[in-house]
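Undergrad: Sending over a structure as C-alpha cells; questions will come in a sec.
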Amino acid sequence: MSKYGRVILPLLVLSAVVSSCFPTTSLYDVDLSEWNADSENVTELRVLIEDEGVEHSPVIINQRYLMFQSQKNGNDDLWYVDLSQRRGVSQLTTYNGPDRVPAPHPDGKRYVFLSDRGEVGYYQGEFGKPTSVFLAEAREPENGGWSRGEVSPDGKLFLYVSGKYIWTFDLKTKTKTQFVQGSQPRFSPDGGKIIFQKYSQTQDGVITSSIWTMNQDGSQLTEMIGGDSKFSYANAMLSPDGERIIYEKRRAQGSSSYSQSWGPSDLWVCRANGTEHTQITTHPLEDVQPYWKDNQTVIFVSNRPQSGQLEDKTFDIWQMKLSL
C-alpha cells in the first residue's frame with residue numbers, strides 16, 4: 001500500500017517519499033500500444049503543472065488558486081499558482097523541513113498542512129504571513145500514508161489522522177475526539193458526513209482498502225465502495241454538490257502479504273449512494289489523488305506523458321472535465 005516517508009526526519013528528500021508512495025514503473029515497462037485516449041470518459045484533459053519537480057497533493061482554493069506540494073528546490077515545500085492569470089508558480093513555504101499535504105481553510109485566506117516545526121503534526125498558515133500556528137500532533141499512520149487534514153465547512157472542527165485513527169479537534173474548545181480506524185478522511189460539502197478509506201486484510205494476507213462514510217459524530221458507519229479483495233479503493237471525495245464520489249481504484253496483483261503488488265491506479269466516479277460506477281481514466285500509468293475543482297472538473301496527479309511524448313515522466317498535475 002502507499003506509504004509516505006517519516007516526517008520526523010527533516011532531511012528526508014522527496015525522491016525517497018515518492019518512490020514509496022508511488023510505483024516506480026518506467027514508461028518503457030508498460031505497453032502503451034493498445035491504449036486509446038478515446039476510452040477515457042473526459043471532454044478535456046490537459047497538464048496544469050509540469051516541470052522537473054515531482055508535484056502531488058493538489059487542492060483548489062476559491063476556484064482560483066491551485067496549491068500543491070513539490071520538491072522543486074530540493075525540499076518538500078508548498079507552492080501555488082493563480083489559475084485565472086495562468087502565471088508561473090509561487091513558493092508558499094520555505095521551512096528547512098518537509099511541509100506536506102496542504103488543504104484549504106473554508107475562509108479562503110488560510111490553509112492547513114503537515115510539518116515538523118518542533119513538533120510533528122498539523123499546522124495552519126495564512127497567505128501573506130510567514131508564521132504558522134500549531135493545531136494538532138500526529139503519529140505516523142500504521143496503514144497507508146500521511147493524510148491531508150481538513151477544516152469543516154463551518155470552520156469549527158479540524159479533521160485529521162494520527163496513528164491508526166481518525167480524529168477531530170474542536171478549534172474553539174480544543175477538545176479531541178477519536179473515531180474509527182481509517183485514512184484520508186474528508187468532510188462532505190455540508191459537513192454532516194465524513195468519507196474515508198478503511199483497511200482490511202484477507203485470510204491470505206492481502207491488504208486492501210474500501211470507502212466508507214459516517215456521520216460527523218461517528219455514527220452510522222456505512223461501506224460505500226469495496227467488498228472485493230481483488231481491488232483497493234482510496235482517496236475518495238464528494239463533489240461540491242454532494243451528488244458524486246470520485247475515487248482511485250487499483251487491482252491487487254500479488255496473492256499474499258509477502259508478494260503483494262498493485263497494478264496502476266485509475267479514477268472512477270459513482271453516485272453519492274455508491275451506485276452507478278463509471279471509469280473516468282484508463283491510462284496504463286498512474287492516475288491518483290483526485291480533487292474536485294467544481295462539479296464537472298477534477299484535478300489529479302499522474303505520470304502519464306503528454307500526447308506525442310515517449311520519455312519517462314515525473315508526476316505532474318493534470319486537469320480534466322468529465323463527460324458523464
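Since every read-out is calculated from the coordinates, none of them should be taken as a lab result. Every value quoted in this text rests on a predicted model; they were computed, and no experiment measured them. So basically every Cβ, Gly included, is an ideal-geometry build from the backbone, and we count neighbours across all protein chains shown.
Undergrad: Give the Debye-formula value of log10 I(q)/I(0) at each listed q (0.17, 0.22 Å⁻¹), with one equal scatterer per alpha carbon of the range 49-153, two decimals each.
TA: With no solvent term, the Cα-only Debye profile gives -0.76, -1.28.
Undergrad: All other residues with a Cβ under 9 Å from the Cβ of L78 taken together, and with Lys, Arg as +1 and Asp, Glu as -1, what is their net charge?
TA: On the way: positive: R100; negative: D76, D77, D99.
Neighbourhood net charge equals -2.
Undergrad: If you stretched the chain out fully between S229 and D217, how much longer would it get, using 0.36 nm times the residue separation minus the C-alpha to C-alpha distance? Let's see the in-between values first.
TA: On the way: separation 12, 0.36 × 12 = 4.32 nm, distance 2.88 nm.
Once the chain is fully extended between S229 and D217, it gains 1.4 nm.
Undergrad: Shifting gears a bit: Kirkwood Rh over alpha-carbon pairs of the range 39-322, then Stokes-Einstein at 25 °C and 0.890 mPa s: what D in µm² s⁻¹, rounded to an integer?
TA: On the way: Rh = 19.3 Å.
Value of D from the Cα-based Kirkwood radius: 127 µm²/s.
Undergrad: Compute the length gained on full extension between E50 and D294: take 0.36 nm times their separation in residues and subtract their Cα-Cα distance, giving the result in nm to one decimal.
TA: Values: separation 244, 0.36 × 244 = 87.84 nm, distance 2.18 nm.
Here the answer is 85.7 nm.
Undergrad: Return one quarter of the surface area of the convex hull spanned by the alpha-carbon atoms of the range 125-233, equal to its mean projected area, in nm². Could you put the intermediate results ahead of the total?
TA: Numbers: hull surface 32.0 nm².
Average projection, Cα convex hull of the range 125-233: 8.0 nm².
Undergrad: If you place +1 on the Cβ of every Lys and Arg and -1 on the Cβ of every Asp and Glu, how big does the dipole about the Cα centre of the range 39-322 come out, in debye to the nearest 20? Provide the component values of the computation, followed by the final result.
TA: Values: 30 positive and 36 negative charges, 105 e Å.
Result for the range 39-322 is approximately 500 debye, rounded to the nearest 20.
Undergrad: Also, quick follow-up: Label points 7 Å out from Cα along the Cβ direction at D170 and R117: separation in nm?
TA: Each label point is offset 7 Å from its Cα along the Cβ direction, giving 2.6 nm.
Undergrad: Ok, one more. Taking 0.36 nm per residue of sequence separation and subtracting the Cα-Cα distance, how much length would be gained by fully extending the chain between N62 and E34, in nm to one decimal? Before the final figure, lay out each step's value.
TA: On the way: separation 28, 0.36 × 28 = 10.08 nm, distance 3.92 nm.
Fully extending the segment from N62 to E34 adds 6.2 nm.
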